[in-house]
Amino acid sequence: MDSVRQNKEKRKAVLEMEADDEMEQLKIEMVGRNKERPLPSYQLNYFARIHLKTAVTLLISTSSSYQYDMEPYLHNDDTLKVKEDDYDKDGKKDKLYFEAESLLSATENVYSVTVLLLFNYKLYSHSWFEMESAAWLQSSSPLGGGRFQATGRLSLHQTSLFNHQGRDTRYNTSVVTATELHQFSLFDMIAQYADRNVSTRLENVYTVWTRGRSPDQQFILSLQISYPEEIIYYRPGLWHVLKLAWLQYLGLLYIAILLSRRLKHFVLDNRLVHNVKVTPWKKAM
């Protein structure tokens, strides 16, 4: 009896697993995909943390809400150059050129850089989606550097489906949630940002450290970030599902009609079933 019960339980478990697999397959089939050029825009806000040889950490920020609180810790002798190019002249920005110059003393050398750039990120093809996103980059070198250069692309990371219509602003909130200096933590900021279902990240990153600098030379932080085309996953609407179903089953319907006609002609021509041919006009005469 125990063996029979165990077999029934195993069979039930197998059936449940098969049902779950069918449901997952159905969910996969019901996901829509669409290529889209997003509309990112750099907000001219960034946070940078520079580590020096003397164990001193410099904080650099262009956010006006932190200028007063961080005044004793901020390094304000900086020059910022920003340019966003539209190569194909379609009204959508393709690449960001970012360069920040920090004036340091002749004895200071930079060994580590952490930078966070803030963007306004929009999608528009199906639902209108808007959020404040971030690009985070960290690099270090055992040799003191006079210039740090990096290139990468701002890629969309999506773990939940967008709606097929409507307006979605659930993440259109500030990435920097700290309101006071003692609450400011880059790790907490990044950890909270990583919990989002939709975010951006820097991918395909290449970095170059340039060793040494002259006493009167500024430390230069140079970034080039491209805005690539993305594949957007969304929950399709009823009309979209019906349209896809019609396109899928139209070919099957044509094949079924063709086979049924062939089968009918084969059966009737070879007299596999008893049939009588009646000509209507002859019967009337």
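Quick one: which of 186, 202, 161, 181 is surrounded by 12 or more Cβ atoms within 10 Å (Cβ to Cβ) and modelled with pLDDT of 90 or more?
Numbers: 186 fails: modelled with pLDDT of 90 or more; 161 fails: modelled with pLDDT of 90 or more; 181 fails: modelled with pLDDT of 90 or more.
Going through 186, 202, 161, 181 in turn, the sole match is 202.
Of 276, 205, 267, which residue is of a type in the set (A, V, I, L, M, F, W, C), in a strand (DSSP E or B) and either assigned by the TED database to the domain that holds residue 144 or over 24 Å from residue 124 (Cβ atoms) (or both)? Break it down stepwise before answering.
On the way: 276 fails: in a strand (DSSP E or B); 267 fails: in a strand (DSSP E or B).
The conditions single out 205.
State whether the residues of segment 248-264 include one that is outside any helix (DSSP H, G or I) and either more than 30 Å from residue 145 (Cα to Cα) or in contact with a Cys (Cβ under 8 Å, 6 or more places away or on another chain) (or both). Spell out how you get there, then give the answer.
Here is the first cut: in segment 248-264, the residues outside any helix (DSSP H, G or I) are none.
No - not one qualifying residue is present in segment 248-264.
The values are calculated or read from the model by the stated rules, or taken from the named source; none is laboratory data. The structure displayed is predicted, hence computed values, not measured ones. Cβ sites come from the backbone with ideal geometry, for glycine too, and all protein chains shown count toward neighbours.
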